[in-house]
Amino acid sequence: MTTETITAAASGTWTLGDMKVNRIGFGAMRVPQDGPALRADSVPGDRDRAVAVLRRAVELGVNHIDTAAFYFSPLRSANELINRALGGPYPDDLVIATKVGPRRDASGEWAAHARTPSELRGQVEENLRQLGRDHLDLVNLRVVGTDSLAERFGALAELREAGLIRHLGVSNVRPEQLAEARAIAPVVCVQNRYGIGTGAGQDEFVRSCGEQGIAFVPFYSIAAARGEDGAGGAESEVLESVARAHGASTAQVRLAWTLHRGPHVLAIPGTGNPAHLDANVAAGALRLTGDDLARLETLHHTEV
């Protein structure tokens, strides 16, 4: 499919709380480095290219960027690159979503998750400083395990009441944890791993979020099982044939399939490659047929 002049508006819109965004957004995890992300030995990417990609995303109508203070490589920080590329001032309609919970030390090694109110406040303040903002549009609490999130989410709810955070979301959660969070404060989105062949057991949760008016924002919807290593490797013949029929790439089909899961489903594909960015945004205009969706549904429930 052609990518010329296709903008993020082609994907449709959703309102996160009171913030209207195009359903194709941008994930900033990959902009600080070349190759696999979130590793201590990541190779820093080219700064000028990263800035250019971020600015191009906004030019293409992307107004929802997902980031975190723990998205960094040696010499490069996603938040600071966003600040440099888009700050001073930021576009009025730009929504920057960040997340708290996970921690990496200065060397890039993973540390224990932030669990106390003071630790979470410190992470919020770190994101504010790096982004050059006086408030955060959206903060997702990233959860590991099945423990209660009440104390942690309650701490973020207090920061929301104080004006440091506009809206709250949760990430890597189960339905019962979402319900627990909603009993404390409004939740505008759920960020969980989901895509063709991954997270099929979450199909009902995806539907339930839509029924509750909550956005579902999948991560790794292109990379699938490869996760932070990024897209790559051989694809199934089903996926390849659907892509050929539309003159599209398999990555575009994966993104289009995600958007077809419901009007409340958003996409945040990430890349440090300008050509990949244009293609990802263009996927918002790809309309899959009923036959395409039926074939991909079978793949979704059988692929590992």
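Positive-end ranking of 191, 127, 170 along the dipole of the chain, with charges on Cβ about the Cα centre, is headed by 127. About its Cα centre, the dipole of region 92-224 is roughly 180 debye, where the only charges are +1 on Lys and Arg Cβ and -1 on Asp and Glu Cβ. Comparing 248, 148, 27 along the charge dipole axis of the chain, the residue lying farthest to the positive side is 27, per the Cβ-charge model.
Both radii come from the Cα set of the chain: Rg as radius of gyration, Rh as Kirkwood radius; their ratio Rg/Rh reads 0.94. When only Cα pairs below 8 angstrom with a gap of at least 6 residues are kept, the chain shows a relative contact order of 21 percent.
Taking every protein chain into account, the 1.4 Å probe leaves residue 219 with about 30 Å² of accessible area, to the nearest ten.
The residue among 71, 5, 94 whose Cα reaches farthest toward the positive pole of the charge dipole of region 1-106, with charges on the beta-carbon of Lys, Arg, Asp and Glu, is 71. When only alpha carbons are used to place a centre, region 179-223 and region 1-62 end up 20 Å from one another. Under a Gaussian network description of the chain, with springs only between Cα atoms under 10 Å, the residue in 237, 126, 180 that fluctuates furthest is 237. Classification of region 74-232 by its C-alpha gyration tensor yields a rounded form. The axis ratio a/c (a ≥ b ≥ c) stays under 1.5. Computed over the Cα atoms of region 80-169, pair by distinct pair, the Kirkwood hydrodynamic radius stands at 13.8 angstrom. Once divided by 2.2 N^0.38 Å, the Cα radius of gyration of region 173-304 becomes 1.06. Under the convention that each Lys and Arg Cβ holds +1 and each Asp and Glu Cβ holds -1, the size of the dipole of the chain around its Cα centre is about 280 debye. Eigenvalues of the alpha-carbon gyration tensor of region 1-117, scaled by 5 and square-rooted, set the equivalent ellipsoid semi-axes at 26, 18, 12 angstrom, largest first. What FRET efficiency, computed as 1/(1 + (r/R0)^6) with R0 = 51 Å and r the Cβ-Cβ distance, is obtained for residue 298 and residue 112, rounded to the nearest 0.05? Result of the calculation: an efficiency of 0.80.
Helix-only arithmetic for the chain: the sum of -39500 (n - 2.57) across DSSP H runs with n ≥ 4, divided by the residue total, places the mean residue ellipticity at 222 nm at -10500 deg cm²/dmol.
The values are calculated or read from the model by the stated rules, or taken from the named source; none is laboratory data. Treat the numbers as computed from the prediction; the structure is a model and nothing was measured. Note that we place each Cβ from the backbone using ideal geometry, even for glycine, and neighbour counts take in every protein chain shown. What goes into the accessible areas is simple: the full protein's heavy atoms, side chains included, and nothing from ligands, DNA or RNA. Shrake-Rupley method; radii C 1.70, N 1.55, O 1.52, S 1.80 Å.
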